[in-house]
Amino acid sequence: MTDETDEFELADANHVRVLETNLLHSSDVIYWLDGASAEQASAMARIDIPLAIRFTQKPRSLKFLHSLGKTAFWQTPVEDMHEGVANEAQRARPVQPPLVVRGEVSDPRGRYNPAAFEASLGAGNGQPVVLYPSPLGVRPGAGGVLFGRVSMASSLAPLLWGLLELEVALGLSQTQTYRAQTDAKGDFRIALDRLPPLPQGTTHYNASLRILGNPAATVDTPVAVGELPALALESFTQQDSFSQDQSLTVRPALHQRLQSANKTFIAVQTV
């Protein structure tokens, strides 16, 4: 985070005299990240399209400015002017309690699913908020795509805003994790864009899928993905066999539908 210091000067024939120093301390930044772009938030790409952001809780003193991939926050200073040249102690960032903001973020064009968020600001470290592409926003690459729909096993209602986590075993100790989110219809697409070609003599990669979600989620209420509980999935090969992790195989470059045994969707139930 960068603090700004403006010094107002008065010049005469032989010297410059600083009349006052204006100190503005930035509070923090929220980074809006593409959750499908990498495994860890530190490596995720910032979303490079305009987002609609609505705060449901924000201190009145906290100002903000939206730009592509981030929102900057700062507070109106209590004492923003210092006579003369400010010393190092006066220039230092003041100690302040955390400032909590809550709200909802969405993509007006529908390429990213909406999300609820909460962030504690003030440390100046930058706070990540992760969004996931909708099926519309997933761009298939050379690695292939997994797609389908997730529905509740008993009611057949689609699972809205559910998080899918796919772990692919590349070798004895090497894995890749892919994440995707269902949309308002329960549909999903997982782009395997980081999946390498199969080693010679290998026909597929082994993988494991888990799904997190809230069966009570509604179309009009985005969820906080980090707070979703794990669900049990019905096996892809054995009917009525449920587990929090289900095994499957994936192959690069294929477009593969995922579905539970004898169904056209992935069936899930609460644990």
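Laboratory data are not the source of any read-out in this text; all were calculated from the coordinates shown. From a predicted model like this one, the values you see are computed outputs, not experimental measurements. Cβ sites come from the backbone with ideal geometry, for glycine too, and all protein chains shown count toward neighbours.
Summary table below
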| read-out | value |
| --- | --- |
| Burial ordering of Trp32, Trp74, fewest other beta-carbon atoms within 10 Å first | Trp74, Trp32 |
| Footprinting exposure proxy for Phe147, Phe117 (fewest neighbouring C-beta atoms within 10 Å first) | Phe147, Phe117 |
| Other-chain or far-sequence residues with amide H under 5 Å of Ala123's (modelled H) | none |
| Top positive-direction residue, dipole computed over region 135-270 with Cβ charges, set Asn262, Gly213, Gln200 | Gln200 |
| Relative contact order, percent, region 135-270 [alpha-carbon distance under 8 Å, six or more residues apart] | 32 |
| As computed over region 135-270, the Cα convex hull volume per residue (Å³) | 112 |
| Residues Asp183, Asp34 arranged by fewest to most Cβ contacts within 10 Å | Asp34, Asp183 |
| Largest to smallest principal axis extent of the C-alpha atoms in region 176-223, angstrom | 48, 17, 15 |
